[in-house]
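Comments concern the structure below.
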Amino acid sequence: MARRLTDPASMPGIYSLLGALVVPRPIGWVSTRSVDGIDNLAPHSFYQLVSTNPPIVMIGTMGEKDTARNIKETGEFVVCGSTVTLIEKINITGVDFEAGVSEFDIAGLTREPSEIVAPLRVAESPYALECRCTDMFEMGNGIVIFGEVVMIAVDENVMDGTRVMMDALEPVARLGASDWSALGEIFDVPRLSVADYESKYGAQ
Ligand SMILES: Cc1cc2nc3c(=O)[nH]c(=O)nc-3n(C[C@H](O)[C@H](O)[C@H](O)COP(=O)(O)O)c2cc1C
């Protein structure tokens, strides 16, 4: 295999390459409230689950952004789910508007009060993770923000008993450049125990 090698040190700001390799990235739609009471909303594809007990998610922000400032000042945020039908509105909330305007109003989204924290849920979004910030680290040119999930609010219509129905959740992901993606084919691949492995493939 012929591989193209890139030393990151030779290419500062290597986002165009890394952003196209670390894919697909879920898009967390992050809601915050400023100390002045402005409801802010911005998509973040640097978004992951990092712990389940306690439940902790992380988001990564780069540059001077309202989201990071609001979380630093209030300690709270809500991550809402991004869906295929909401792509246009999600993209509008990614415009670098000035701090005094609310992306809820600009994108025509419905404010839904949260149970525990002050930042709002997006009523059109199928889920919301209400978070209290636990840690915030400056790393490289970014800020990594960790939040403990203190309430999970999921639209009943995407639940089948305790199972989340992917076709109803219709998550959207970020790829490289300006490419986004919906889910493709879904495969059921059960996790193997050592016993499962040995019975299927023989002894190690
Ligand atoms: C799909 C999508 C994903 C994005 N992901 C991130 C991200 O992970 N981190 C980031 O800092 N900005 C990201 N952005 C850009 C921010 O959403 C944008 O700069 C936004 O205006 C920040 O808003 P704020 O100043 O209200 O926090 C993304 C934009 C889009 C459209």
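The values are calculated or read from the model by the stated rules, or taken from the named source; none is laboratory data. What you see is a predicted model; the values in this text were computed from it and never measured. Reconstructed Cβ throughout: ideal geometry from the backbone, glycine too, with neighbour counts over all protein chains shown.
Per-residue answers, yes or no, for (1) buried (at least 20 other Cβ atoms within 10 Å of the Cβ); (2) within 14 Å of M136 (Cβ to Cβ):
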residue: P24; (1), (2): no, no
residue: G28; (1), (2): yes, no
residue: T32; (1), (2): yes, yes
residue: L49; (1), (2): no, no
residue: I71; (1), (2): yes, yes
residue: E76; (1), (2): yes, yes
residue: V84; (1), (2): no, no
residue: I92; (1), (2): no, no
residue: V95; (1), (2): no, no
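Tell me, yes or no, whether region 186-194 has at least one residue that is of a type in the set (A, V, I, L, M, F, W, C) and touching a strand residue (DSSP E or B) at 6+ places or on another chain (Cβ under 9 Å).
no
Assuming M11 fulfils every condition listed in (1) surrounded by 14 or more Cβ atoms within 10 Å (Cβ to Cβ); (2) more than 13 Å from the ligand (Cβ to nearest atom); (3) among the aliphatic types (A, V, I, L, M) apart from one, which condition is it?
(1)
Please identify the pairs in which a residue from region 26-49 that is under 19 Å from A182 (Cβ atoms) has its Cβ atom under 7 Å from the Cβ atom of a residue that is more than 9 Å from the ligand (Cβ to nearest atom) and in a loop (DSSP other than H, G, I, E, B), counting only partners at least 6 apart or on another chain.
W29/S125
The rows are residues; the columns are (1) at pLDDT 95 or above; (2) under 25 Å from A107 (Cα atoms); (3) out of contact with any Cys (no Cβ under 9 Å at 6 or more places or on another chain).
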{"site": "G13", "(1), (2), (3)": "no, no, yes"}
{"site": "L17", "(1), (2), (3)": "no, no, yes"}
{"site": "W29", "(1), (2), (3)": "yes, yes, no"}
{"site": "R33", "(1), (2), (3)": "yes, yes, yes"}
{"site": "D66", "(1), (2), (3)": "yes, yes, yes"}
{"site": "T74", "(1), (2), (3)": "yes, yes, no"}
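Can you tell me which of V149, V144 is in contact with a strand residue (DSSP E or B) (Cβ under 8 Å, 6 or more places away or on another chain), farther than 30 Å from M11 by Cβ, in contact (Cβ under 8 Å) with a residue 24 or more places away in the chain and not in a loop (DSSP other than H, G, I, E, B)?
Step by step, each of V149, V144 is checked, and only V149 is in contact with a strand residue (DSSP E or B) (Cβ under 8 Å, 6 or more places away or on another chain), farther than 30 Å from M11 by Cβ, in contact (Cβ under 8 Å) with a residue 24 or more places away in the chain and not in a loop (DSSP other than H, G, I, E, B).
Is it true that E185 is more than 21 Å from R25 (Cα to Cα) and acidic (D, E)?
No: the conditions fail for E185.
Looking only at region 177-186, decide whether some residue is free of Cβ contacts under 8 Å to residues at least 40 places away in the same chain, in a strand (DSSP E or B) and surrounded by 12 or more Cβ atoms within 10 Å (Cβ to Cβ).
no
Test G19 against the stated conditions and say whether it is in a loop (DSSP other than H, G, I, E, B) and either within 15 Å of C131 (Cβ to Cβ) or within 14 Å of the ligand (Cβ to nearest atom) (or both).
For G19, the condition - in a loop (DSSP other than H, G, I, E, B) and either within 15 Å of C131 (Cβ to Cβ) or within 14 Å of the ligand (Cβ to nearest atom) (or both) - is not met.
Run D135 past the list (1) of a type in the set (D, E); (2) touching a helix residue (DSSP H, G or I) at 6+ places or on another chain (Cβ under 9 Å); (3) assigned to a strand (DSSP E or B) and report the number of the one that doesn't hold.
Here D135 clears every test but (2).
From the list V122, V50, V154, V144, which one is in contact with a Gly (Cβ under 6 Å, 6 or more places away or on another chain) and either under 26 Å from G184 (Cβ atoms) or within 12 Å of the ligand (Cβ to nearest atom) (or both)?
V144
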